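Novice: Sharing a structure here in structure tokens format.
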Amino acid sequence: MGKKLGSDYRLFVRAADGTAFNQPAGQGNLTINRSKNFSSSATKDAEGVDTQTPGLRTISIKQDIVPDLPDASGYTRLETLDKSNAAEVIQVRKKPFAASDVIFECSMYTALDNSDYEQGNSVKASLTFQPAAQPTVDTLA
């Protein structure tokens with residue numbers, strides 16, 4: 001059995017007209033962060049170990065990108081979503097990246113976190129996506 005490769009997973013963003021999903025050019029590292037919150041089930045009369053019950057999960061996606069412009073349906077679309085604070089459907093697809101290869105899909109908010117303008121290097125940007133709704137596809141776990 002072979003190893004999973006990071007390059008086999010790519011981010012896609014739904015087009016403004018809602019008819020297609022586009023892959024922003026220049027994608028680098030893709031990181032999916034998950035955590036689960038726990039709530040204490042202890043009362044004032046409990047002693048010893050604080051037992052806890054599982055609560056809500058949090059999910060965020062971070063995408064590093066070296067914008068390859070012009071890319072109106074990819075990076076420029078993400079810039080527009082960041083400025084408008086509008087939620088849009090984001091997908092993660094596994095190679096070969098066809099519509100049937102979606103392993104995560106969720107309406108998410110886009111945040112253009114950082115841009116690096118180092119002399120002599122390509123411009124780099126970091127994007128973070130936070131859910132606006134429950135994922136409709138989530139087979140990443």
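Novice: Report whether or not A111 is under 13 Å from the mean Cα position of the chain (by Cα), open to solvent by less than 70 Å² (accessible area, probe 1.4 Å) and without any contact (Cβ under 8 Å) to a residue 60 or more places away in the chain.
Specialist: Numbers: under 13 Å from the mean Cα position of the chain (by Cα): yes; open to solvent by less than 70 Å² (accessible area, probe 1.4 Å): yes; without any contact (Cβ under 8 Å) to a residue 60 or more places away in the chain: yes.
Yes.
Novice: Can you give me the number of residues within region 114-131 that are open to solvent by less than 70 Å² (accessible area, probe 1.4 Å), touching a residue at least 40 places away in the same chain (Cβ under 8 Å) and part of a strand (DSSP E or B)?
Specialist: 6
Novice: Here's something else I'd like to know. Residue by residue through region 61-78, note down the ones that are among the charged types (D, E, K, R) and closer than 15 Å to A111 by Cα. Lay out the reasoning, then the answer.
Specialist: Kept after step one, since they are among the charged types (D, E, K, R), are these residues of region 61-78: 62, 64, 68, 71, 77.
Within region 61-78, K62, D64, R77 qualify.
Novice: For region 1-60, which positions are of a type in the set (G, A, S) and closer than 19 Å to M108 by Cα? Let's see the steps before the verdict.
Specialist: Applying the first criterion (of a type in the set (G, A, S)) to region 1-60 yields 2, 6-7, 15-16, 18, 20, 25-26, 28, 35, 39-42, 46, 48, 55, 60.
The answer is A15, A16, G18, A20, S35, S60.
Novice: Quick check on region 104-120. Is at least one of its residues over 18 Å from T31 (Cβ atoms) and among the β-branched types (V, I, T)?
Specialist: For region 104-120, residues over 18 Å from T31 (Cβ atoms) and among the β-branched types (V, I, T): absent.
Novice: Follow-up. Starting from residues that are open to solvent by less than 50 Å² (accessible area, probe 1.4 Å) and touching a Gly at 6+ places or on another chain (Cβ under 7 Å), keep the ones in region 31-66 and report whichever is farthest from R77 (Cα to Cα).
Specialist: Here the residue is D64.
Novice: Shifting gears a bit: Look at S73 and say whether it is farther than 27 Å from S35 by Cα, crowded, with 16+ Cβ neighbours inside 10 Å and either in contact with a Phe, Trp or Tyr (Cβ under 8 Å, 6 or more places away or on another chain) or not β-branched (V, I, T) (or both).
Specialist: Details: farther than 27 Å from S35 by Cα: yes; crowded, with 16+ Cβ neighbours inside 10 Å: yes; either in contact with a Phe, Trp or Tyr (Cβ under 8 Å, 6 or more places away or on another chain) or not β-branched (V, I, T) (or both): yes.
Spelling it out, S73 is indeed farther than 27 Å from S35 by Cα, crowded, with 16+ Cβ neighbours inside 10 Å and either in contact with a Phe, Trp or Tyr (Cβ under 8 Å, 6 or more places away or on another chain) or not β-branched (V, I, T) (or both).
Novice: Taking the conditions exactly as written (surrounded by 11 or more Cβ atoms within 10 Å (Cβ to Cβ), farther than 16 Å from R14 by Cβ and either hydroxyl-bearing (S, T, Y) or touching a residue at least 60 places away in the same chain (Cβ under 8 Å) (or both)), does L140 satisfy them or not?
Specialist: Values: surrounded by 11 or more Cβ atoms within 10 Å (Cβ to Cβ): yes; farther than 16 Å from R14 by Cβ: yes; either hydroxyl-bearing (S, T, Y) or touching a residue at least 60 places away in the same chain (Cβ under 8 Å) (or both): yes.
Considered against the rule, which asks whether it is surrounded by 11 or more Cβ atoms within 10 Å (Cβ to Cβ), farther than 16 Å from R14 by Cβ and either hydroxyl-bearing (S, T, Y) or touching a residue at least 60 places away in the same chain (Cβ under 8 Å) (or both), L140 comes out as yes.
Novice: For region 87-112, what are the residues that are within 10 Å of Q130 (Cα to Cα) and among the charged types (D, E, K, R)?
Specialist: The answer is none; no residue qualifies.
Novice: So K95 clears everything in (1) surrounded by 12 or more Cβ atoms within 10 Å (Cβ to Cβ); (2) more than 30 Å from F38 (Cα to Cα); (3) touching a strand residue (DSSP E or B) at 6+ places or on another chain (Cβ under 8 Å) except one condition, right? Which one?
Specialist: (1)
The values are calculated or read from the model by the stated rules, or taken from the named source; none is laboratory data. Quick caveat, the model's predicted, so the values are computed rather than measured. Cβ coordinates were reconstructed from backbone atoms using ideal geometry, including for glycine residues, and neighbour counts include every protein chain displayed. Side chains included, ligands, DNA and RNA excluded: accessible areas come from the protein's heavy atoms. Shrake-Rupley method; radii C 1.70, N 1.55, O 1.52, S 1.80 Å.
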